[in-house]
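Following: one structure in structure tokens, then a few remarks.
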Amino acid sequence: MIKGAIFDMDGTLVANSPVHIRAFEIFCDRYGVRGWKEKLGGAFGRGNDDIMRLIMPEEVIREKGTAALGDEKEAVYREIYAPEIEPMPGLVALLDKLRDAGIRCAVGSSGCRANVDFVLE
């Protein structure tokens, strides 16, 4: 008997990869960073500290810190995604069925807590 289900968030609950890319574009433009797309390619699923070390100049990291830079980028993501966020097709019906069957659900994500809360709201 199934007692629970764990869902990944990004790409499972919401199709948000294009929004993260738009947020990185806005964020990197603020700092004049070029070539970030090539560096970002294999970084999805990694934490912001690792991503910032990949794409941001060392002098910016020293000045701002990886945590603050990550927070800034994620704030851009939430701001631009808020007007258009929607669940993946079929998700709400699936969650209703799981609830009706008494199956508890949880979310696992490498994303920051503020983004998880944002998506779940």
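Here, each number is a calculation from the coordinates, and none is a lab measurement. Fair warning: this is a prediction, and the values are worked out from it, not measured in the lab. Here the Cβ is made from the backbone with ideal geometry for all residues, glycine too, and neighbour counts use every protein chain on show.
In table form, for the structure just shown:
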| read-out | value |
| --- | --- |
| Cα-Cα pairs of the range 1-53 separated by more than 17 Å (percent) | 46 percent |
| Unit charges on C-beta of K, R, D, E only; dipole of the chain, Debye | 300 debye |
| Whole-percent pair-distance distribution, where bins are 10 Å wide, for the alpha carbons of the chain | 12, 41, 28, 13, 5, 0 |
| Residue with peak Gaussian network fluctuation, the chain [Cα springs, cutoff 10 Å], from 49, 100, 71 | 100 |
| Chymotrypsin sites (Phe, Trp or Tyr not before Pro) restricted to the range 1-54 and DSSP loop, no more than 16 other C-beta within 10 Å | 44 |
| Extension reserve of the residue 29-residue 8 stretch, reckoned as 0.36 nm per residue once the Cα distance is removed | 4.6 nm |
| The range 45-118, relative contact order [Cα under 8 Å, separation at least 6], % | 37 percent |
